[in-house]
């Protein structure tokens, strides 16, 4: 069991810190040995660079995606046993081991058992998939709706798959060609490059949109939605990407009776639904993984996240 964790000591820098050996499990606790962890590209890059609400917060640790094995369980633990493989979603940063008190209740502990027949490695990205699923559910996406997903990063890709799983017609926009190709392979109805010829005309062809789900954070989005009249009556603009502040033109919502909403988290019910849909083949993680690296290679990976972020999509660390 490794006793290290990833920490950002200063802006743009990453190093390992010693977290020592785990204590004995309390009666309601489980000890999870990490096998794999996944980078949360947007959040971790913002934190690494000290952007938005993370400005000036160093040293700090970030991330919320671990897959591991329960090595010990307290005498009061129910529903989990030593040897179970689980996903663990608390915001504790990448660590070699984690203790979780299960007595806080199912809604808060964010520990989900992984079926034995599933490959556990891709499930180290269940956290970002959970953020996407939570947004799609909170923004009330349903069968027959038109959905525009803005951005083809990891959360955008999972949001598009989740909306398709709910029966929506999905348009995804993204400037990186490789990400557009992945979106097409994973079943979006239309994949558009915002730098392409006749982009705005093509985008309008798919409108009006019942849900516009932003995973990119680009500044002029709300103005563009109004200018091109893209929001349908009663539609939802769902902001998932982090923003420091947001302003909008009042007529954007007045005639449409639409809403602007925010969703940035996930719950245990989202993770369990994802595991079910992955098992059915309705949502796929493997095609989105671009990097599988031993944990020793983390400094190089974070250098790429800092300097060349479009090279990375799904990143999974192996802690073996």
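Every number here is computed from the coordinates shown, using simple stated rules; none is lab data. Small disclaimer: the values here were computed from a predicted structure and weren't measured. When we count neighbours, we look across all protein chains shown, and the Cβ atoms used for this are built from the backbone with ideal geometry, even at glycine.
Points worth noting:
- Filter result for residue 179 (in contact (Cβ under 8 Å) with a residue 40 or more places away in the chain and within 22 Å of residue 235 (Cβ to Cβ)): no
- Residues in region 63-78 that are touching a strand residue (DSSP E or B) at 6+ places or on another chain (Cβ under 8 Å) and within 23 Å of residue 37 (Cβ to Cβ): 63, 65, 66, 67, 68, 69, 70, 71, 72, 73, 77.
- In the condition set (1) in contact with a strand residue (DSSP E or B) (Cβ under 7 Å, 6 or more places away or on another chain); (2) farther than 24 Å from residue 269 by Cβ, residue 20 is compliant with all but (1).
- If you go through region 269-320 and keep only what is within 14 Å of the chain's Cα centre (by Cα), crowded, with 18+ Cβ neighbours inside 10 Å and either without any contact (Cβ under 8 Å) to a residue 60 or more places away in the chain or under 24 Å from residue 33 (Cα atoms) (or both), you end up with 270, 271, 274, 285, 314, 315, 316.
- On inspection, residue 64 qualifies as buried (at least 21 other Cβ atoms within 10 Å of the Cβ), in a loop (DSSP other than H, G, I, E, B) and within 17 Å of the chain's Cα centre (by Cα).
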